[in-house]
Amino acid sequence: MLPAGTYEGATVLVTGGGTGLGKAIAVEFGRLGASVAVASRSPEHRAAGVAAVEAVGSRCVGVGMDVRDPAAIAAAFDLVEDQLGPVDVLVNNAAANFPVAAADLSPNGWRAVEQIVLDGTFFCSQELRRRAAARGSEAVIVNIAATQAMTGGPGMAHSAAAKAGVVSLTKTLAVEWAPDGIRVNAIAPGLFPHDDMPAAIRAARDESVDAARQPAGRVGQPHELGWAATWLCSPYASFVTGHVLVVDGGNWLRRDFAMPPFRPITDQLPR
Ligand code: NAP
């Protein structure tokens, strides 16, 4: 969609860029000429992200980082700056999630998801802003949210609350940091199965059934999120900030004419 070389000379850091949607986003930035940093905890994940970006002909480095740890984030930004140059685009994609009824959710499970999704997004964003402001450079952030941020998420109270926090943060930071030349947007993906999902989840999914449940008649393809992210962060969206772009084939807006019988979430979760 975007002209070749749109990101020539730019450095893009993708948290959780070694798997699934983060990897697909990293690849689309690489395809458009960006130097890409893939930041996450697992060396295997990072190596997969680096290989995928290099396969489309761009420079890529993997950098170890836990998004819950501000000191580790600062060290990772230092390393990326040394190897690729200052970060111009930050994609806050790292997340964790698991289905559970709110009544059964442990304090540790709750804290882990809040800390990775919400704290991690804030800490990484603050680090980017601090460095960009010190250089007097413009920068762009895109946060990967979820439509549960708007609807709530029965069976995923922790993730839905954290993503709602990410959407709120996106709007706040867009206003606070616009005078610094930093745009902050979010993408809310719908259903995007991918090969890096745990085997148990992949085995439990049937793509034709999932497709039939979507208004668009199909699930999302990971590169479509990469297209959305590369557009939002590009000069072609230079006046867009504080926006949440839903990429879900219309699914979050669906309503049946006559609603189906209600089933409590505890009846729907695997036992
Ligand atoms: P995924 O494959 O599980 O990727 C999550 C990534 O986050 C992993 O690469 C993981 O890498 C990284 N990560 C987890 N904890 C981390 C931490 N503490 N520090 C640094 N990195 C960490 O998930 P996905 O399906 O691609 O989802 C990507 C994004 O899209 C997430 O924000 C998710 O909420 C959102 N989303 C996905 C869907 C979907 O259908 N797939 C739908 C809606 C929203 P390490 O293990 O190496 O740290």
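The values are calculated or read from the model by the stated rules, or taken from the named source; none is laboratory data. Computed from a predicted model, the values in this text were never measured in an experiment. Don't worry about glycine lacking a Cβ; one is built from the backbone with ideal geometry, like all the others, and counts go over all protein chains shown. Areas reflect the complete protein model, heavy atoms only, side chains present, ligands, DNA and RNA absent. Shrake-Rupley method; radii C 1.70, N 1.55, O 1.52, S 1.80 Å.
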| task | Select from segment 43-55 the residues that are in contact with a helix residue (DSSP H, G or I) (Cβ under 6 Å, 6 or more places away or on another chain) and buried (at least 23 other Cβ atoms within 10 Å of the Cβ) and list them in ascending order. | result | 49, 53
| said: For the condition open to solvent by less than 60 Å² (accessible area, probe 1.4 Å), within 21 Å of the chain's Cα centre (by Cα), more than 16 Å from the ligand (Cβ to nearest atom) and among the charged types (D, E, K, R), what is the one hit in 66, 88? | reply: 88
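Are any residues in segment 91-105 surrounded by 14 or more Cβ atoms within 10 Å (Cβ to Cβ) and farther than 23 Å from residue 196 by Cβ, and if so, which ones? Break it down into steps so the answer makes sense when it comes.
Let us first name the residues in segment 91-105 that are surrounded by 14 or more Cβ atoms within 10 Å (Cβ to Cβ), namely 91-102, 105.
Of everything in segment 91-105, those that are surrounded by 14 or more Cβ atoms within 10 Å (Cβ to Cβ) and farther than 23 Å from residue 196 by Cβ turn out to be 101, 102, 105.
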| Residues in segment 116-133: is at least one open to solvent by 20 Å² or more (accessible area, probe 1.4 Å), in contact with a strand residue (DSSP E or B) (Cβ under 7 Å, 6 or more places away or on another chain), under 17 Å from residue 93 (Cβ atoms) and not polar (S, T, N, Q)? | no
| field | Sole residue being of a type in the set (Gly, Ala, Ser), near the ligand (Cβ under 10 Å from one of its atoms) and buried (at least 20 other Cβ atoms within 10 Å of the Cβ), chosen from 40, 58 | value | 40
| query | Can you spot a residue in segment 85-104 that is within 16 Å of residue 230 (Cβ to Cβ), assigned to a helix (DSSP H, G or I) and touching a strand residue (DSSP E or B) at 6+ places or on another chain (Cβ under 7 Å)? | reply | no
| query | Looking at (1) within 24 Å of residue 239 (Cβ to Cβ); (2) polar (S, T, N, Q); (3) modelled with pLDDT under 95, which is the one condition that is false for residue 168? | reply | (3)
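A quick yes/no check of all residues on (1) open to solvent by less than 70 Å² (accessible area, probe 1.4 Å); (2) more than 10 Å from the ligand (Cβ to nearest atom); (3) over 18 Å from residue 21 (Cα atoms):
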{"site": "188", "(1), (2), (3)": "yes, no, no"}
{"site": "201", "(1), (2), (3)": "no, no, no"}
{"site": "218", "(1), (2), (3)": "no, yes, no"}
{"site": "226", "(1), (2), (3)": "yes, yes, no"}
